[in-house]
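Down below is the structure, laid out as structure tokens.
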């Protein structure tokens with residue numbers, strides 16, 4: 001009943017009824033006027049013929065009126081239907097999510113722009129391929145498609161299912177899958193629709209939040225460790241110096257010297273812990289990055305580890321200043337340069353190439369070495385606190401983590417590009433601020 005009332009309302013049946021009454025009234029009224037004015041002496045047989053003609057003419061007029069009205073309404077609703085199709089087509093086509101339809105044989109029948117951007121295939125390349133074409137082999141072996149089909153038949157849909165899909169270049173992309181049936185007007189299942197939402201950025205933000213929480217926890221622990229270790233260490237160092245002054249024995253002097261060297265190494269670890277855990281309270285100011293680079297390189301040339309290292313500097317002239325704490329950016333530069341030197345241990349001609357260039361509203365700094373390079377697995381962890389690729393005892397694993405924190409506070413970014421056996425390049429991008 002509701003559908004009938006809706007149809008009558010949309011079809012404007014009242015309008016049609018009253019216009020039909022008006023046409024009938026005009027038709028019959030016109031004939032009556034003609035009869036009263038012109039045909040008063042007409043015979044009864046003629047009048048019967050006229051009455052019949054009047055009915056036929058009014059009926060023809062009504063039929064023409066109805067046909068014209070139906071034609072106009074049909075055109076109107078066809079235009080509305082076409083506009084609705086275009087609207088929903090635009091929504092589907094320009095959705096950021098990948099929207100895919102497949103038939104009952106699980107062959108891809110449509111592929112929107114979001115799918116092109118997410119997975120890389122143009123629609124002409126992928127339409128007609130089975131949906132398994134974009135599913136990783138291990139998931140096919142685990143019968144994922146069959147599990148999805150079971151969920152569809154059991155609940156009528158599958159929602160928020162985390163899985164992976166293959167991109168055109170063979171990479172796996174983490175996605176959220178929603179799948180449901182497509183039915184025709186008779187209720188028969190004619191296919192399925194899939195909506196894929198890219199979870200890469202979401203997962204990355206979640207990992208960043210977790211990493212920040214871990215760093216905060218480690219920072220508190222580091223501050224406590226530095227405090228507890230620092231005080232006894234100062235006392236031990238003082239006692240060693242007293243012992244060195246009190247003895248002339250060469251053997252003891254040599255052993256005490258080694259003790260002091262180890263104390264200095266522990267002191268460095270404590271300083272790194274303090275730098276990692278304590279935010280800087282120093283004032284930021286405008287700094288010329290090229291001058292800081294030259295200062296850091298000049299300082300390192302007096303370090304025994306850097307005496308045979310060739311520092312090549314390709315510094316762009318007239319770079320605008322960056323806003324930072326000078327001591328902090330100096331600390332970052334020295335750390336990157338020393339890491340590059342350490343990575344080239346055992347190489348006959350070690351070279352550190354330092355490059356600065358301006359790119360729009362950023363200054364990019366590159367520090368490249370010719371060392372053994374960094375594996376892809378290590379690259380993903382290189383900025384984690386206490387992670388190091390150096391031998392045990394050769395590093396604390398805090399230098400790059402501290403540097404990452406400093407650069408992040410400057411609204412900049414730092415990352416590494418490397419291939420094993422081909423050296424590594426650390427890249428810093430810093431904003432130019434007015």
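Computed from the coordinates by the stated procedures, all read-outs in this text should not be read as laboratory data. Predicted model only: the values in this text are computed from it and were never measured. A quick note on method: Cβ atoms are made from the backbone with ideal geometry, for glycine too, and the neighbour counts reach across all protein chains shown.
Between residue 157 and residue 433, the C-beta separation translates, for a Förster distance of 41 Å, into a calculated FRET efficiency of about 0.25.
If R0 is 56 Å, what FRET efficiency do you get for residue 244 and residue 168 from their C-beta distance, rounded to 0.05? Plugging the Cβ-Cβ distance into 1/(1 + (r/R0)^6) gives 0.25. For the stretch 331-359, backbone nitrogen atoms closer than 17 Å to the point 7 Å from residue 319 Cα along Cα-to-C-beta are found at 331-338, 352-359.
Here r is the Cβ-Cβ distance between residue 82 and residue 124 and R0 is 30 Å; the resulting FRET efficiency, rounded to 0.05, is 0.75.
Taken over the stretch 93-180, the percentage of Cα pairs per 10 Å bin, counting from 0 up to the bin with the maximum distance, is 17, 54, 29, 1. Taking 0.36 nm per residue of separation and subtracting the current Cα-Cα distance, fully stretching the chain between residue 327 and residue 258 would add 21.8 nm.
What percent does the relative contact order of the stretch 285-431 come to when contacts are Cα pairs within less than 8 Å and at least six residues apart?
Result for the stretch 285-431 is 23 percent.
Computed from the C-alpha gyration tensor, the three semi-axes of the ellipsoid equivalent to the stretch 285-431 are 23, 18, 15 Å, from longest to shortest.
A crude spin-label estimate for the pair residue 285 and residue 89, with each label 7 Å from Cα along the Cβ direction, gives 6.5 nm.
Tell me, in nm to one decimal, what length is gained between residue 140 and residue 422 on full extension, where the rule is 0.36 nm per residue of separation less the Cα-Cα distance?
The residue 140-residue 422 span can extend by a further 97.8 nm.
Estimated at 0.36 nm per residue, the fully extended path between residue 200 and residue 184 surpasses their Cα-Cα distance by 2.3 nm. Quote the relative contact order of the stretch 94-198 in percent (integer), defining contacts as alpha-carbon pairs under 8 Å separated by 6+ residues. Over the stretch 94-198, the number comes to 29 percent.
Neighbouring Cβ atoms within 10 Å as the yardstick, rank 144, 422, 360 fewest first.
Ordered from fewest to most neighbouring Cβ atoms within 10 Å, 144, 422, 360 come out as 360, 422, 144.
Got a sec? How would 260, 245 order by Cβ neighbour count within 10 Å, fewest to most?
Numbers: 260 15, 245 7.
Listing 260, 245 from fewest to most nearby Cβ atoms yields 245, 260.
This ranking places 243, 324 by how few other beta-carbon atoms lie within 10 Å of each, fewest first, which gives 243, 324.
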